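Here the structure is laid out as structure tokens; the discussion comes afterwards.
Derivation of every value follows stated rules applied to the coordinates shown; laboratory data play no part. Everything numeric in this text was worked out from a predicted model, so none of it was measured. Cβ: placed from backbone, ideal geometry, glycine included. Neighbour counts: every protein chain shown.
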Number of protein chains: 2
Amino acid sequence: YQLLNIPARRVAIFGGTHGNEMSGITLVNLWIKNGKEIQRKGVETKPFITNPRAVEKCTRYVDTDLNRAFTTENLSAPSGDDLPYEVKRAQQINEIFGPKGSPDAYDVIFDLHNTTSNMGCTLILESSKDHFNLQMICPVLLTEHPLLKYSTSRSVAKHPIEVGPQPQGVLRSNIFESMRVCPLTIDGLCCVGLEFPPCSVDVFRVWDKMDYPRDTNGNIIAMVHPNLQDCDWEPLNPGDPMFQMFDGTTVRYEGVGTVYPTFINEAAYYEKQQAFVTTRRETLVAGAIKKA
Amino acid sequence: YQLLNIPARRVAIFGGTHGNEMSGITLVNLWIKNGKEIQRKGVETKPFITNPRAVEKCTRYVDTDLNRAFTTENLSAPSGDDLPYEVKRAQQINEIFGPKGSPDAYDVIFDLHNTTSNMGCTLILESSKDHFNLQMICPVLLTEHPLLKYSTSRSVAKHPIEVGPQPQGVLRSNIFESMRVCPLTIDGLCCVGLEFPPCSVDVFRVWDKMDYPRDTNGNIIAMVHPNLQDCDWEPLNPGDPMFQMFDGTTVRYEGVGTVYPTFINEAAYYEKQQAFVTTRRETLVAGAIKKA
């Protein structure tokens, strides 16, 4: 048995890590006003708006992406007024819900995001060793990668949920409702005496970032190909259409073997030079979970 | 016969009136680089980015909505550095493509917009007397209204095109392609000798603005009902579901008679207190068009 801190004692639910992702913001604000839906006996559940200034402006961030700000460097920087707003905020969040990596950190943080990609409801996992999250029942994107590092908000504790498609600044009832079931997963966390047997789980491990074709000035000169648009999690094989150039020609995928693209045409990733992420499917064995 | 300035001598195509509406921005930038697609004999066609600073930041506007800035007041305001960026820009645009209401104004301005609403390809028309635009072949939204005033960019000349659904900051090939046919409509403008017989056209005339239900602090407490989401241009009858409150209850439409909602759940209209616009269908007679 893998011993984990189950039942979890302290669970945080973050909304507004990106100020224009409305589902999480709306849900967390609802739960701040009335926490009944998320309260469970023996568990402290804390709904929290992580980037209130960006929420107020309905923009992804004010100075820099909060969801990439939780680096060791930022968290240990001497505090001061000259720090970017989101770095200051990351330090505050780390104080309340961390410190990152310490035994005092919250057991679980759900960070509620939405995307313009057609990803459905996705759990994003930072480590293949995270047996708790592997036991969840939705597509799993595994961002563990030797080079690509993210430094996300949820990294303060030990676990985000991404739901799409939904435009930035828009609240759609279908996305809202599928995110609202988040508290149900808390039930799994606080069921004293409940055990989860070991099982195998298919995950999508981040493989590579694919940028849009660009001209020498950095301007994009192609779009995601209509055959690929909205086809998150579906196989992309060598020779399949990938981009449609503005002159009408097709750019095909030339990699080796089948990949599973996701975050296809996410609005916020144009500035990150990313049209989509390729992933590879793999099967992980999730250790059993027994109360510690 | 209604005599119009046909063939048009000068046609402008605007992109980036809202800096996060990517289809028009991308197309206009393409046409600035290579105008072949939009050139027609005897017609001066000018592609133009109207709000370059907002485009650079990928945001709707910098100081104020450019597409509401073309008021007589703004256009006649003494120029100065203290004016909002978009008001200065409106004055410059009015100088180049107007002056608004004068014989020197461009004959036609196509203003390319996209929306998060499921509106398809829509022509927006400011006056029921605009026989030229009535002769076009896509859904027509007529914004002529005794109280609701818009002061849009295209109002400098005499004619916008709105295509959706597409999230802000995203370029989708299907929306891009359906907007790219814009130059075809120029053909109608410059066909010397071509005549259009009179015909009747169904239009959707703006009737009313519907706001989201809000609490006493102005926060929204409901979403567009799933039965209404994406149902732009479809009939909404008294008793039909309109909003879904966060507590799960349904708010029904209580107006008198059938309306046709559009701009349903447009991202940019949350700040304008508008969940959707109701319209009424009516039939207009488009006068014949003959070369002047």
For this session: Once you have a ≥ b ≥ c as the square roots of the Cα gyration tensor eigenvalues for region A:78-119, tell me rounded if a/c is under 1.5, and otherwise prolate or oblate according to whether a/b is larger than b/c.
Result: oblate
Problem set entry | Most to least packed among A:210-220, A:242-252 [average Cβ atoms within 10 Å] | A:242-252, A:210-220
Exercise. What number comes out for the charge environment of B:Gln274, summing +1 per Lys or Arg and -1 per Asp or Glu over other residues with Cβ under 11 Å away?
Worked result: -2
Seminar exercise, completed: Here the relative contact order (percent) of region A:25-113, from C-alpha pairs under 8 Å and at least 6 apart, is 19 percent
Problem set entry | Three-way shape call for region A:34-118 based on the alpha-carbon gyration tensor, with the a/c threshold at 1.5 | oblate
Seminar exercise, completed: Each residue of B:29-36 has, on average, a number of other protein chain C-beta atoms within 10 Å of its C-beta equal to 1
Seminar exercise, completed: Sorted shortest first, the nm distances from the B:Gln92 label point (7 Å along Cα→Cβ) to its counterparts in the other copies are 3.7
Exercise. Per residue of A:217-224, what is the mean number of Cβ atoms on other protein chains within 10 angstrom of that residue's Cβ?
Worked result: 3
Problem set entry | Too-long pairs where the Cα-Cα distance tops 31 Å, listed order kept, from A:Lys46/A:Lys209; B:Lys36/B:Lys209; A:Lys88/B:Lys57; A:Lys36/B:Lys209 | A:Lys46/A:Lys209; B:Lys36/B:Lys209; A:Lys36/B:Lys209
Exercise. Could you give, in nm with one decimal, how far A:Glu282 is from each other copy of that position, shortest first, with labels 7 Å out from Cα toward Cβ?
Worked result: 6.6
Seminar exercise, completed: Partner shielding of B:267-277, as the mean number of partner chain Cβ atoms within 10 Å, equals 2
Problem set entry | Innermost chain B residue relative to the axis carrying B onto A, by Cβ distance in angstrom | B:Pro167, 2
Exercise. What are the distances, in nm and sorted shortest first, from the label point of B:Arg214 to the label points of the same position in each other copy, with each label point placed 7 Å from Cα along the Cα-to-Cβ direction?
Worked result: 4.0
Exercise. Looking at region A:28-124, which trypsin sites (Lys or Arg not before Pro) are in a loop (DSSP not H, G, I, E or B) and have at most 12 other Cβ atoms within 10 Å?
Worked result: A:Lys41
Problem set entry | Where GluC sites (Glu not before Pro) fall in DSSP loop in region B:247-292, at most 10 other Cβ within 10 Å | B:Glu254
